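A short write-up of the structure that comes next.
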Amino acid sequence: MSEALLTDLRDAIVNLDESRARELASEGVGQGVDPLDMIQHGIRAALDLVGERFSAGTVFLPELMLAAKAADAAVAALEPELLKRGTRGKTLGKVLLATVEGDLHDIGKNILALLMRSAGFEIVDIGVDKTSEMILDAAKKNAVDLIGLSALLTTTMPRMREFIELLEESGLRDRFKVIVGGAPVTQEFADSIGADGYGADGAAGVAVARRSLGT
Ligand code: B12
């Protein structure tokens with residue numbers, strides 16, 4: 001039963017049980033449960049719950065880190081299936097992904113990278129805590145078509161606006177499409193900073209990237 005599996009997967013992450021999370025994600029693949037459902041209703045739902053408990057002061061940083069490890073293990077177990085489902089031999093464009101300066105959150109960005117790869121994009125993932133200058137350098141060096149920026153902290157969201165300002169100052173605003181995302185980011189915020197697109201989750205990120213590049 002996929003409902004039961006999704007609940008068990010969520011509980012395994014909430015209970016910080018890395019090996020159970022990995023096992024359930026694999027079992028889900030074996031049972032034909034949609035990996036996107038497992039990401040959205042198992043993994044992300046669990047991390048939202050852990051985040052709420054962290055805000056409420058009932059769990060602390062070590063638990064947050066263990067939950068992240070369990071989530072990473074579950075995502076890794078889904079990776080082969082997601083890539084298998086993907087389009088092969090077709091490149092939709094080259095995409096640079098980064099989490100902005102001051103921000104170490106990368107689970108969502110890594111999921112986006114996986115879904116984009118599976119959809120047929122070539123991904124250059126430069127990791128977390130990247131300054132605007134580092135992102136622009138990498139975009140130029142790799143000649144990407146689109147840049148996807150992730151932020152999970154309200155305090156790091158302004159780095160996205162600064163990146164677009166840097167593109168404008170460098171005369172490169174028309175050279176690269178920019179899409180943004182991460183839990184605190186909204187369509188309204190994306191519009192306010194002049195981004196080309198926003199995606200609320202990985203699947204929406206793929207769709208908005210395709211739309212931005214007209215593929
Ligand atoms: C796991 C986690 C951590 C882990 C991160 C591990 C890692 N490798 O990523 C650790 C323990 C390191 C951590 C640290 C901290 N965290 Co933290 N963390 C979380 C938590 C619980 C889950 C985040 C997550 O992975 N979600 C699951 C993924 C799948 O969702 P997602 O990231 O939103 O990504 C999806 C979409 O947003 C979208 N997307 C994401 N990026 C992009 C990009 C583009 C271009 C597009 C189109 C789409 C897109 O697609 C993704 C897939 O569907 C959140 C709570 C929450 N509800 O978000 C808090 C949370 C983000 N953390 C928080 C805080 C406060 C911190 C710390 C400051 C804690 C501390 N006191 O040290 C530090 C900051 C470290 C730093 N400098 O970055 C707060 C932020 C509050 C705020 N107002 O900003 C939150 C909201 C918890 C809370 N409720 O208080 N954290």
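Some notes on this structure:
- Straight-line cross-link reach from Lys69 at under 26 Å between alpha-carbon atoms covers these lysines, not counting any fewer than eight positions away in the same chain: Lys84, Lys109, Lys130.
- Alpha-carbon centroid distance for the pair segment 168-205 / segment 1-68, whole angstrom: 28
- Projected onto planes of every orientation and averaged, the convex hull of the alpha-carbon atoms in segment 93-213 covers 6.0 nm².
- FRET efficiency, 1/(1 + (r/R0)^6) with R0 35 Å, evaluated for Ser55 and Thr91 via beta carbons: 0.25
- By average C-beta atoms within 10 angstrom, highest first, the peptides 3-14, 93-104: 93-104, 3-14
- P(r) tail fraction, segment 2-85 - alpha-carbon pairs more than 16 Å apart, %: 43
- The GNM of the chain, with springs linking C-alpha atoms under 10 angstrom apart, assigns the highest mean-square fluctuation among Gly108, Gly148, Gly86 to Gly86.
- Just checking the listed ones, Leu146, Leu166, Leu16: in the Gaussian network model of the chain with Cα springs under 10 Å, the one fluctuating most is Leu166.
- Our estimate of slack between Phe189 and Ser26, defined as 0.36 nm per intervening residue step minus the Cα-Cα distance, is 55.0 nm.
- In Hz, Karplus ³J(HN,Hα) per residue of segment 194-207 (6.51, -1.76, 1.60; θ = phi - 60°; x = Gly, Pro): x, 6, 7, x, 9, x, 6, 8, x, 5, 5, x, 4, 4
- Förster radius 25 Å - calculated FRET efficiency between Met134 and Ala76, Cβ distance, rounded to 0.05: 0.45
- D (Stokes-Einstein, µm²/s), Kirkwood Cα radius, segment 82-151, 0.692 mPa s at 37 °C: 269
- Amide hydrogen neighbours beyond the local backbone of Val100, cut-off 5 Å, H modeled: Asp129, Lys130, Ser150
- Descending semi-axes in Å of the chain, equivalent ellipsoid built from Cα gyration tensor: 30, 21, 13
Values in this text are rule-based calculations from the coordinates and carry no lab data. Keep in mind it's a predicted model, so treat the numbers as computed, not measured. No Cβ is skipped: glycine too gets one built from the backbone with ideal geometry, and neighbour counts run over all protein chains shown.
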